[in-house]
1. When you go through (1) out of contact with any helix residue (DSSP H, G or I) (no Cβ under 6 Å at 6 or more places or on another chain); (2) under 22 Å from Gly60 (Cβ atoms) one by one for Ile130, which number turns out not to apply?
2. Are any residues in region 151-178 more than 14 Å from Gly91 (Cα to Cα) and not in a helix (DSSP H, G or I), and if so, which ones?
3. Mind checking whether some residue in region 105-112 is part of a helix (DSSP H, G or I) and farther than 15 Å from Ser191 by Cβ?
4. Kindly list the number of the only condition in (1) in contact with a strand residue (DSSP E or B) (Cβ under 7 Å, 6 or more places away or on another chain); (2) outside any helix (DSSP H, G or I); (3) surrounded by 20 or more Cβ atoms within 10 Å (Cβ to Cβ) that fails for Trp148.
5. Tell me, yes or no, whether region 169-176 has at least one residue that is within 14 Å of Arg103 (Cα to Cα) and modelled with pLDDT of 95 or more.
6. Go through the residues of region 122-139 one by one and say whether even a single one is at pLDDT 95 or above, surrounded by fewer than 24 Cβ atoms within 10 Å (Cβ to Cβ) and under 27 Å from Ile8 (Cβ atoms).
7. Using the structure shown, decide if Ala181 is closer than 30 Å to Gln271 by Cα, in a loop (DSSP other than H, G, I, E, B) and modelled with pLDDT of 95 or more.
Amino acid sequence: MTQFDNLINGQWTAGKSYSPNANPSDLSDVVGEYAQGDASDVNAAVAAAAAAFPAWSTSGIQARHDALDKIGNEILARKEELGDLLAREEGKTRPEAIGEVGRAGQIFKFFAGECLRLAGETLPSVRPGIGVEITREPVGVVGLITPWNFPIAIPAWKIAPALAFGNCVVLKPADLVPGSAWALADIIHRSGIPAGVFNLVMGRGRVIGEALVQHEDVAAISFTGSVGVGKGIAAACVASGKKVQLEMGGKNPQVVLDDADLNQAVELSAQSCFYSTGQRCTASSRLIVTDRIYPAFIEALQARMAKIKVGDARAAGTDIGPVVSQAQLEQDLSYVEIAQAEGAVLAAGGARVACHTGSAKDGFFMQPALFVDSTPAMRINREEVFGPVASVIRVRDYEEALAVANDTPFGLAAGIA
């Protein structure tokens, strides 16, 4: 079995231990064994980044452009290969995975261009003979903590701008999907950037993430993940004076009004609720539907769901791949039980399904679930499930639809049809 090391100070560095990365479509398929770092690895990576920062932050913008453009070009040239890896380890379908890889490549190329467009401002002062100059300067070592649902795009949109503007990076990817992050790190490593500018430390969030957040030489943290973890990171960064950026989930509404194009509304809802196995923070898991169109919408959505093919993420014709892990599958199924206990009506799906071998344990497959006759107060409409589970709330009119749409502590994305 191939082992994949951490990248620290320009060197591939063995982990204290290694963890297998299993394919959620086929539990017998192990992608590889990936290093599990510890706090000492974080310390080494941060020290390397801090040492590299003075030269990188003052380096020529053309050199930064060339490195990022080279990274973007290689990602795009290998998008089929990298997309297959992503689908294999995360479980989104191969076409979705290839699209995500393409997006990652475009992000690096965009920020390569931004290296050459660095701008500031010069303003007059209220005091005679004095000018005010505003410049944008790198902050130093940036710790990036990324989630499992977009294992190459989200690292890309954190890494690329950080490097473009002269920061040095320590990346901690989600431990469920280290393969895509490792492949990206390998491309960055061979791009010509100096040792220490970019570092990869894989391992458990409670170990690597916490060490990054607590490290006194890390100037900023960017985190995408759960609300609970994000709140803890925010509090720790405020206490230490670190800059912090968080993105922590959603419970997004899709409003369907009486005058909507029914076919279009159904297609938009099916794709937003269930594609990518519903494992997107922008997924529309609350369908808010007005009275007159409600019966027809439910019937049409049930018919559309019956056509969704659940299966191996890399197989041709698959619409929805597996849930990413056993723990996530259990969470999704638990919310099915919770919704039913609270009185919502299960109108379609909602069960674990077997694929290919006839065994329900060959992968983490779940039939998309649709609940009807739910109310805004139910947990299914208040809490983020993060799986192929959607609920429909019936409302009288446009005004009530907007009131229900806004009745949430989350605020990330919304749609109207």
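1. (2)
2. Correct list: Phe165, Gly166, Asn167, Cys168, Val169, Val170, Leu171, Lys172, Pro173, Ala174, Asp175.
3. So far as region 105-112 goes, yes, one or more of its residues are part of a helix (DSSP H, G or I) and farther than 15 Å from Ser191 by Cβ.
4. With (1) in contact with a strand residue (DSSP E or B) (Cβ under 7 Å, 6 or more places away or on another chain); (2) outside any helix (DSSP H, G or I); (3) surrounded by 20 or more Cβ atoms within 10 Å (Cβ to Cβ) applied to Trp148, the lone miss is (1).
5. No.
6. Yes, some residue in region 122-139 is at pLDDT 95 or above, surrounded by fewer than 24 Cβ atoms within 10 Å (Cβ to Cβ) and under 27 Å from Ile8 (Cβ atoms).
7. no
Yes or no, residue by residue, for (1) touching a residue at least 40 places away in the same chain (Cβ under 8 Å); (2) of a type in the set (Val, Ile, Thr); (3) in contact with a Leu (Cβ under 8 Å, 6 or more places away or on another chain):
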residue	(1), (2), (3)
Ala195	yes, no, no
Ala235	no, no, no
Val244	no, yes, no
Gln254	yes, no, yes
Asp259	no, no, no
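The values are calculated or read from the model by the stated rules, or taken from the named source; none is laboratory data. Predicted model, so just to flag it, every value in this text is computed and none were measured. Every residue, glycine among them, receives a Cβ derived from its backbone with ideal geometry; neighbour counts consider all protein chains shown.
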